[in-house]
Each structure stands twice: as C-alpha cells, then as structure tokens.
Amino acid sequence: MTNNWVDIKNANVVFIMGGNPAEAHPVGFKWVIEAKTKNKAKVIVVDPRFNRSASVADIFSPIRAGSDAAFLMGMVNWLLTHDKIQHDYVRAYTNAPLIVREDYSFDEGLFSGYDAAKKVYDKTSWNYELDADGHALSDPTMTHPRCVLSLLKEHVSRYTPEMVERICGVKVADFEKIAGILGECSARDRTATILYALGWTHHTNGSQVIRGSAMIQLLLGNVGMPGGGINALRGHSNVQGFTDLGVLSTNLPGYMPLPNEKLATLKDYLDANTPAALQDGQVNYWQNTPKFFISFLKSMFGEHATAANDFAYDLLPKWDKSYDMLSLFDAMYRGKVNGLMVQGFNAMAAMSDVKKVSTALSKLKFMVVIDPLATETSNFWHNEGPFNDVNPKDIQTEVFRLPSSCFAEEEGSVNNSGRWMQWHWAGQKPKYQARNDGKILGDIMMELRRLYEAEGGACPEQVLNLTWDEKTYHDPHDPEPKELAKESNGYALEDLYDAQGNLIAKKGSLLSSFAQLRDDGTTSSFCWIFTGSWTEAGNQMARRDNTDVGLGSTPGWTFAWPANRRILYNRASADIDGKPWDPERKVLEWNGKAWVGIDVPDYGALPPGSKAAPFIMNAEGVGRLFSCGKMVDGPFPEHYEPTESPIATNPLHPKVVHSPAVRVFADDAARFGDRSEFPYVATTYSVTELFRHWTKHSYLNAMLQPEQFIEIGEGLAAAKGIGHGDVVKVSSKRGFITGKAVVTKRMRRLEIDGQTVDQIGVPVHWGFNGATKKGFLANTLSPGIGDANSQTPEYKAFLVNVEKVQGAAA
Ligand SMILES: Nc1nc2c(c(=O)[nH]1)N[C@H]1C(S)=C(S)[C@@H](COP(=O)(O)OP(=O)(O)OC[C@H]3O[C@@H](n4cnc5c(=O)[nH]c(N)nc54)[C@H](O)[C@@H]3O)O[C@H]1N2
Ligand SMILES: Nc1nc2c(c(=O)[nH]1)N[C@H]1C(S)=C(S)[C@@H](COP(=O)(O)OP(=O)(O)OC[C@H]3O[C@@H](n4cnc5c(=O)[nH]c(N)nc54)[C@H](O)[C@@H]3O)O[C@H]1N2
Ligand SMILES: [Mo]
C-alpha cells in the first residue's frame, strides 16, 4: 500500500476492483465502513461476482474476468476526454510533460521493438528524448505531440465506453456512472482510494492492470494524499515482509535485484543499479544503491567482506534465468531438478495445473517439507482415488517431513499491507517434535557448515564465510527472531561521523536511519528499508502508543518502513509551494523553515522551490504515466485476451489477440483449451470461513465450509438443467473437479463482443487432506501460464465446461 488500512477512512470514494476485502480482509474492511458511514464515501465494486464487498457497495458492476485492463484504460480515456484530471499535480508531479523518443510507436497491438522470433521486446525506444546532460526534454504546456500526455491520449482513445462494454461486458451507463464519481476526485479536496488484490494480479497482464490503476490515481492527483493511493490488500499476514526481504528468485532484501551472471564484478552491479537523475535537481534515491548494497554484503559476510575483495561480491549467487515457481516446476516436470525444499508452501494446492505439479514432484529424488501439517504436497504420492489418481509405485521421490511450529508459537514481526512492522509474541511453545523454522534452518545450516569444513567441496567460502556463526547469534543452531531483526536494521561497524565531524553512531551500536548507511564497509544492514525498526532506543516495532495525531495517523504505534512514513510520496499532498492541496487533509506543510505535519516528509529538508519532485524513487522524480524500462510488455497498459478466451478475437487488434510478451513453456500449449470445447469463463477466489488450504484442517472451519461448491448463474443453470445442490463436473483442458452447484443471481450473464458469456465461480480451499470432505484441488483446472512481468499464474480467467453429474445424490 502507498497508504495504510486506517487511512482508508479518509477517502471520499472507495473503489474496490480485483479484491474482495469484506471477505478476505474482514478486519481491515471496517475502515471502508468507517469511510462510508462517517465520511459519506461512495463505495464502488467491479467484480465478476456480486460478492460480500458488493453487498455493502453503493454501485456494483459485473465484469468479465480477465478484462480489467480495458476497463481501466477506458477510465483513463474518460478522465482525459472529460477533463477530469488534477492539472497542477499532473504537470508538476507526473511525467506527462516529458518528451518520448521519436522511435517509440504502438501499432495494431504491438509496441516498438518487438522481436517476434524470441517473443520479447527490446525496450530501448520506450524512453525519453534526452539532452546533452542526460536529462529528459520537457514541454510544460503538455502539447508537444510526443510528450507523454499526448501519447497517452492517443493510446487510450480506442477505449471508448462502447469498447469497454464490448470487451468487459460493463454497460456504458454503469461505466459512465462510475467514471463520473471517480472523476469528481480530480478536485483538490476529494480523494478516491483504490483497493485491489488477486482479481488484478492473477492474469497474464496483471502488472499492467495495476499500472493502469496507478495512472488513474496520478491523473486524479490522489497519490500521496490521505484517503488516496494504490492499496494492495496483501495476502498471508506477512506476505508484505516476504517481498520486503526479497524472497523471490531474482531479488534481494529492500527491493534490490540479485545480480545476474552478466554482472561479473561489484562495479558492474553498481553501475547497472545506480541510476543517474533523469531531470535536473532530483533526489533520485536509488543513487544510494552502493550504500544499501555494500551494507547488505557486510551483513552477509562480515569481516570476510572487505574493500580489497569487492566486499565478497563473488560469493553472492548470480542468476542465469528466473527461478519463479512456474519455471521451477516446469524444470522439475522435465526431470531437471533433483531435490526440493518446501517451507510453508502447499504447492499441490496452490500452484496452477495440479496434474503437471504432481508429475513434476514425482520426478524428484527427494523432497523436504517443513510444515506443521500433513499437506497435499507432502502426500502428493498418495493415491486418493479420483481426487489424486496416481500410482505410488511409479513415484521415486523420497519425502521428509520436518514438523514446524505455527506463527502463534514464535515471536517476530509481521508486516501488514500498510508496511507496518508489528512485533508479536509467542502464545505458547511448539508442541511435540515441532520446532520453530529458525531452529530447523539453523540445524540444516550448521550441518552444511560442518560438512564443508570437514570435506571442502566447490567454493566452501559461500557457506563458511557467512555471518551465520557463533559471533553473530547466541546459538547459530537457533537464531532468535530479535537477533535477526537487529541484523536487518543494521549496525555501525566503526564510529560514524557526519560531514561536520560529529559522532553520529558509536562502533557496535544499532543504526537509527538508512541515511547513516555507508558504501565503505563501515555499516551493515541486511534490509535497508528496515533500518530504524530496532535502534539503540529499543524495538520500535513493539511500540504500542495509539495516539491519533490527526487523520487517524498513529506514528507511535509500531514502525512503518521506510523511516516510519505512513503515506508514501506524501510530498505530493502539497502543491509546489508546499501548501496542502486540501487544508482539511493536511499531511505536511512548509512553514517557511521546515516541513511540519503528521508524517515523516518524503524528502528530508528540501524546501519547496527546489526542483526535486515527490516521486523520489524514480530517477526523473515524477510519477510515471509512461513507464520507461521496467515493464517487459509495454510502457502503457494494453488489453490482451487471456490465454483461454471466450471470444474469437481481440476487438482492439485482431492480429495480436494475446499478450505477445507472455512466456509459454514448450509442452504447455497442448494443455490450453479453446472455446468450442470449453465455452465458459471460470474464475477462482477465497471465502472468509477458510484460509487458503490450511484451516481446512481445523474442525470448526471445516464445519462452516465442508466441501467444494461451484457458483453458477441462473441462466446457465437453467440451460444445463442444473439445480441448486446438484453435483456438477467442471472440466478444463487440464482435468476436472466436482462440486455442489450453488445456483445464484450473483453470477450474471454478460454480452461480450456480441456474444453471450457465462462465468463460473470456483472457490479454492478444498483438497484430499484435512477435516473437510475429501475432494479435488481447484487448481486441477487452472493453466500454467503467468503474468509477463511477475510470472504470477493466471488463476483468475480460464475456460471450462460444466455438466450435471447424472445420478449423483444432491
Ligand atoms: N478468509 C480468508 N482471507 C484471506 C485468504 C483466505 O484464503 N481466506 N487469503 C489471503 C491471501 S493469501 C490473499 S492473497 C488475499 C486475497 O484477497 P482477494 O484478492 O480479495 O481474494 P480473492 O477472493 O482471491 O479475489 C478477490 C475478488 O476478485 C474477483 N475476481 C476474480 N477474477 C477477477 C477479474 O478478472 N477481475 C476482477 N475485477 N475481479 C476478479 C473475485 O470474484 C473475488 O471477489 O486474501 C487473504 N485473506
Ligand atoms: N486457483 C487459485 N490458486 C491460488 C490462489 C487463487 O486465488 N486461486 N491464490 C494464490 C495465493 S495469493 C497464494 S498466497 C497461494 C497460497 O499458497 P500457499 O502459501 O501454499 O498456501 P497455504 O495453504 O497458506 O500454505 C501455507 C502452508 O504453510 C504452513 N504454515 C503455517 N504456518 C507455518 C510456519 O510458521 N512455518 C512453516 N514452515 N509452515 C507454516 C501451513 O500449514 C500451510 O501448509 O495460493 C495461490 N493459489
Ligand atoms: Mo496470497
């Protein structure tokens, strides 16, 4: 989230699309209700289903799953053509005035630079035209034909309300009503918050959908504002911490990339990841990459990281290609992986295309599962009849189960969607043979260390030089969460002085701010964005002062990264002179000498009038309506049909129907179905009563939602002779599942491109283990293809058929 849960109460409009917080975030949803009741906020829900969030919304529109990019680009077009944008904000704080290179183009579904043979884009042309200093050319009048605003207008002009209706099935009247309400938030004193989650991310163009929403918020002047922002409703209670700590195959902590094999030296890495400012006078915060990265290396390798050996850069693994889950399981499927460690992950249930996953797991030599429960993954080799039709004799994989504790049995921090790092304490000790994850990993690590010490082997220094040792932890077999938390925060390794020669941190003390980090090996920090979370003043995450300093902000409650900032880009809540756009919604104000207000200002002491713009993490300092360099599938979002589409074409450009930059694995094309055999759109989602695939092991939850159900609209049910409670078989090209039919008005028929389209709802929680009824895994149905940027599987738009199972008892 750019903002935080409590801040939702400050919104005038709550726009919920691709998320269902009433159901998946029922506690946080109280802030939506607060906005509605106390702030008279309008709540809008756009979802394939009339869901529990929709039940308290002022406006609901159904939409075809997988068509959100068209809706959002339609919204951008509507805001631009109706002049509902915050002009001063757009001119000063976005890249709308910047001029794009002459060789950039978009034609019939393809951006410039496409290599059809390799199915990848060369992104060179997706950039600004630069002057001799390397700064982007700009036209403050925003009329230059190649300024971002002009190109954007042209790009979205195809997305008329009629085109939105044709692609999404959203009626023109509904669309215009929603656009009218959002458009009002271009006023300085009105804000909309956007709440989204998996309904946007689980698509082949999911990242672009989210960019689309960010573009709307920039045009409305809502980023940095209380009651505004782009707010991802994060999943597992600590999945925010997961990404913060870089637990993705090509990432490092603090949103730094893990080096790839082309970056052979420290200098190569720093050159590639330390941007130069793209406009004069910008903060360009990533210019500090060397400080963050070298402090990270010091935290990893301690005294073994010296200036003379490039701070042990050589010991850091380098990636050759992404090892995202889809490619890892594909490699396994092709017999290229020997062993797998699975920690807190139920791959059989959670990954798409279960049949491929179980085939993949059966080709391993061994698998170690660290989990408190016996899951479908640790039991993948069990023959469960129709639900898991395998022959254990065919499976060679040796499975080891290491029982772990659960979150309530250990202390630590949990980072919520609003970036609040909240410390919690263990409720009880792990029972029986279960151990905390730190203890399990500690024992494995120390055994590896012992073996490398005893036997040597290839590059033993990668293990032996790590700071995972007696000097760092009281017991390296069982590092304590508080030791790890302090390591993340970071230490002064020498006495540190500021430019005036004042001592700012004594050797060995905990740092209080990432501004203290150095690139000369005198500081360490495992995750620079966490610096300040555990200082010499104590554990800042354990603070529990809930004094409201205004607008619901409680800076004394826990610690929010970065720097305890509660609203990111908060400098943008004030105009270029430092006056709040809306005096009623004052976060910061320039009082002539300093920034004062209720939040930590985004760029230190720089006064208004300096050239620095609020989007300090971008080298150009402004928010990007046109994305340079980062996205792999285009600088503007574009609608592409899902891999399995219910219509024959892409109404926008029939020559390029699907995302041209999406990755398809060799054998998988044969695993995709088409609309002649599988005419209905299926989407998947969660229910409140179950959490993913684990609370089905608890009897109370199992009683509330005992078995798989399938939501089917009344029209389709009538046409197929399906009654409420009948057992139905839902099949895709990849397999079938059965479940009880819930025939409901909540799923409506849509008109898409002149054709009737029915959608089917498949909640995802059941399987063949646990206290619920034994059943199929919903992901038997979903395809193994992912978002072009993030590789998140396309769980939420694929094709199925549905039939009543004759003779089955209701
Ligand atoms: N009770 C409970 N709470 C949970 C979880 C749980 O399992 N149970 N899981 C947690 C996790 S890990 C996560 S990531 C979050 C997920 O939180 P959410 O993303 O809110 O959960 P979902 O139910 O997957 O999907 C949200 C909505 O997206 C809609 N949708 C499906 N396809 C599309 C589409 O193409 N476009 C649009 N606009 N909407 C679509 C679905 O109908 C659903 O209403 O919830 C967390 N909270
Ligand atoms: N079709 C479809 N598929 C989906 C989704 C969807 O919406 N539709 N949602 C996707 C999303 S957003 C997510 S996050 C994934 C979820 O995928 P998973 O994370 O695989 O799902 P969980 O069932 O939450 O599995 C987590 C496991 O962690 C174990 N566990 C709990 N606490 C601890 C602990 O302290 N230590 C250890 N070692 N283990 C612990 C639990 O027992 C459980 O087995 O599923 C994805 N799959
Ligand atoms: Mo999730």
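Spin-label pair ASP122-LYS611: with each label point 7 Å from Cα along the Cα-Cβ axis, the two points sit 3.1 nm from one another.
Would you tally the net charge around TYR128, using a Cβ to Cβ cut-off of less than 15 Å, leaving TYR128 out, and scoring K and R as +1, D and E as -1? All intermediate terms of the calculation are to be shown ahead of the outcome.
On the way: positive: ARG101, LYS123, ARG146, ARG624, LYS630; negative: GLU102, ASP103, GLU129, ASP131, ASP133, ASP139, ASP280, GLU620.
Taking every other residue near TYR128 into account, the sum is -3.
Checking the cross-link pairs LYS84/LYS655; LYS123/LYS262; LYS773/LYS804; LYS38/LYS153 against a 29 Å limit on the alpha carbon distance flags LYS84/LYS655; LYS38/LYS153 as lying beyond it.
Could you please report the charge total around MET1, scoring K, R as +1 and D, E as -1 over all other residues with beta-carbon less than 15 angstrom from its beta-carbon? Mind showing how you got there, number by number?
On the way: positive: LYS9, ARG234, ARG419, ARG565, ARG566; negative: ASP7, ASP244, ASP599.
Residues close to MET1 contribute a combined charge of +2.
Mean residue ellipticity at 222 nm, helices only, the chain: -6000 deg cm²/dmol; runs of at least 4 DSSP H residues each add -39,500 (n - 2.57), and the sum is divided by the number of residues.
How would SER533, SER55, SER186 line up from fewest to most surrounding beta-carbon atoms within 10 angstrom? If you can, show how the numbers build up before the last one.
Values: SER533 27, SER55 12, SER186 21.
Listed from fewest to most nearby Cβ atoms, that is SER55, SER186, SER533.
Over region 6-235, Cα pairs under 8 Å with separation of 6+ residues give a relative contact order of 29 percent.
About its Cα centre, the chain has a charge dipole of approximately 1980 debye under the convention of +1 per Lys or Arg Cβ and -1 per Asp or Glu Cβ, with nothing else charged. The residues HIS697, HIS135, HIS474, when put in order of fewest to most other Cβ atoms within 10 Å, stand as HIS474, HIS697, HIS135. The residues packed around ALA718, meaning those with a beta-carbon under 13 Å from its beta-carbon, carry a net charge of +1 if Lys and Arg are +1 and Asp and Glu are -1. With the cut-off at 1.5 for a/c, could you classify region 632-682 from its C-alpha gyration tensor as rounded, prolate or oblate? Verdict is oblate for region 632-682.
Per residue, the average separation of C-alpha pairs within less than 8 Å and at least 6 apart gives region 668-804 a relative contact order of 36 percent.
Order by neighbour count: VAL45, VAL687, VAL757, fewest other Cβ atoms within 10 Å first, most last.
Values: VAL45 29, VAL687 17, VAL757 20.
Placing the least packed residue first, the sequence is VAL687, VAL757, VAL45.
Relative to one another, the C-alpha centroids of region 439-490 and region 368-416 are positioned 26 Å apart. Between the C-alpha center of region 220-288 and that of region 563-596 there is a gap of 23 Å. Put the Cα centre of region 143-171 next to the Cα centre of region 648-701 and the gap is 27 Å. The value of relative contact order for region 109-221, using C-alpha pairs under 8 Å at least six residues apart, is 10 percent.
Between the amide H of ILE370 and those of VAL342, GLN343, GLY344, LEU402, distances stay under 5 Å, these residues lying 5 or more places away or on another chain, with hydrogens modeled in the peptide plane.
Every number here is computed from the coordinates shown, using simple stated rules; none is lab data. If you're wondering where the values come from, they're calculated on a predicted model, not measured in any experiment. Neighbour counts are summed over all protein chains in view; Cβ atoms, including those assigned to glycine, are modelled from backbone coordinates with ideal geometry.
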